[in-house]
Amino acid sequence: MDEGRTIKVSKYLSKHLRHQPERIGLTLDEAGWVEIDTLLAAAASHGFRITPDELDHVVAANDKRRFAIDGTRIRASQGHSVEVDLGLSPAVPPPYLYHGTVNRFLDAIRAEGLRPMNRHAVHLSPDRETATRVGARRGRPVVLSVDSAAMHRDGRLFHVSANGVWLTESVAPRYLRFSGPH
């Protein structure tokens with residue numbers, strides 16, 4: 001499968017498993033799962049045919065492990081704007097986590113901290129390199145260090161998704177340190 005098709009299928013899956021399942025007639029269960037056969041049939045009936053081999057390739061080849069398969073079901077690992085309960089238990093974070101962004105958002109972040117925006121949680125990376133890649137999707141990256149140990153001591157909850165993304169409700173400005181990419 002060529003890289004262009006892989007990206008196209010991945011974006012299609014993200015859109016419909018994280019944000020707009022109803023656009024192709026999908027109903028996710030409370031944990032975000034849908035039967036693979038149902039997904040493939042819905043995609044095909046809306047003019048976007050995905051073969052089982054393509055689906056397997058996209059799930060296996062995705063460097064961010066955006067999707068999880070459990071038997072005959074598939075779901076997005078995190079990043080939903082639709083209501084789902086991923087069933088993640090609270091976890092103790094490492095002392096520091098990281099968030100990649102770009103300069104144009106810094107004034108708002110300094111004033112309000114990190115907010116989930118259209119998602120259910122703020123996404124944090126376990127290392128600077130990952131945060132740099134995340135920020136670079138929108139331009140020249142800026143990496144914010146998050147004092148997750150202090151947040152945890154102050155009673156803030158953290159969860160870690162199946163693909164290693166750390167999730168929290170929000171990050172107040174006092175827990176942030178600003179720096180450029182490394």
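Side notes on the structure shown:
- Euclidean distance of C-alpha centroids, the range 125-182 and the range 9-40, integer Å: 27
- Expressed in Å, the radius of gyration and Dmax of the Cα atoms of the range 96-179 are 11.7, 34.
- Prolate/oblate/rounded call for the range 15-88, Cα gyration tensor, a/c under 1.5 rounded: oblate
No lab work stands behind these numbers, since they all come straight from the coordinates. Values in this document were obtained by computation on a predicted structure and should not be read as measured data.
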